[in-house]
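Working notes for the structure below.
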Amino acid sequence: APVPGRALYELADLYGPVSPGASASEVLERARRVLPRRAEVRAALDTLEQIVQAPVWTRFPGLELSIDLADLRGYRYHTGVSFAAYVSGRADAVARGGRYDGIGSVFGRDRPATGFSMEMREIASLACIELPPRAILAPEQPDPALDAEVRRLRADGHIVIRCMPGDSPTPAWIRCDRELVQVDGRWVLQPLQQHS
């Protein structure tokens with residue numbers, strides 16, 4: 001029979017990949033051998049086995065599942081399985097969650113529950129946002145010649161941002177690198193000048 005003190009030592013090594021949908025997991029089989037044969041331990045390992053064998057994993061080919069029986073991160077109100085989701089090439093989790101059955105009893109509603117939180121900074125850092133090309137700033141000025149030049153530039157595929165009445169260009173116009181300026185009665189493109 002497993003020695004309780006030794007089981008604590010072994011717990012640190014009870015982690016590793018599992019094959020989603022597989023009928024057996026090396027980590028869980030080893031855990032059954034080295035952890036105390038108590039009903040709570042058996043029930044927890046059975047739950048993990050059911051999760052690993054769930055048919056839902058076949059819908060995500062390429063998904064890598066891993067079990068870490070010594071993982072203590074997360075919130076202390078979890079009452080069962082907790083999880084973390086990672087993205088290849090990143091050390092920090094993009095989501096964390098787990099079971100917290102019965103926690104609602106303090107509010108008069110004792111029922112099974114699960115949830116997760118997403119790390120929005122991590123997710124945002126993964127987003128591949130294609131920034132639009134630089135734009136042209138056009139002043140707010142009623143002038144048919146300016147209107148015509150804005151239409152011509154837009155027809156040629158340029159992005160033209162037209163100031164609204166009362167607007168004054170500020171660093172918020174960061175995507176603009178050129179501006180329409182009136183020179184000798186004509187509207188011409190020039191590099192954007194700093195406006196105060």
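Quick notes on this one:
- VAL183 at pLDDT 90 or above, farther than 30 Å from ARG73 by Cβ and loosely packed, with under 10 Cβ neighbours inside 10 Å: yes
- Flag for LEU63 being closer than 30 Å to GLU29 by Cα and in contact with a Pro (Cβ under 7 Å, 6 or more places away or on another chain): yes
- Residue check, VAL106 out of contact with any strand residue (DSSP E or B) (no Cβ under 7 Å at 6 or more places or on another chain), open to solvent by 50 Å² or more (accessible area, probe 1.4 Å), among the β-branched types (Val, Ile, Thr) and closer than 30 Å to ALA127 by Cβ: no
- Scanning region 35-46 for residues that are open to solvent by 60 Å² or more (accessible area, probe 1.4 Å) and either under 28 Å from the mean Cα position of the chain (by Cα) or not basic (Lys, Arg) (or both) yields ALA39, GLU40, ASP46.
- Among (1) over 23 Å from the mean Cα position of the chain (by Cα); (2) surrounded by 15 or more Cβ atoms within 10 Å (Cβ to Cβ), the one test that TYR100 misses: (1)
- Condition check for THR47: in contact with a Lys or Arg (Cβ under 6 Å, 6 or more places away or on another chain), of a type in the set (S, T, N, Q) and in contact (Cβ under 8 Å) with a residue 24 or more places away in the chain: no
- Condition met for ARG90 (touching a residue at least 24 places away in the same chain (Cβ under 8 Å) and of a type in the set (Lys, Arg)): yes
The values are calculated or read from the model by the stated rules, or taken from the named source; none is laboratory data. Predicted model only: the values in this text are computed from it and were never measured. Please note: Cβ atoms are built from the backbone with ideal geometry, for glycine as well, and neighbour counts cover all protein chains shown. The accessibility values were calculated without ligands, DNA or RNA, using every heavy atom of the protein model including side chains. Shrake-Rupley method; radii C 1.70, N 1.55, O 1.52, S 1.80 Å.
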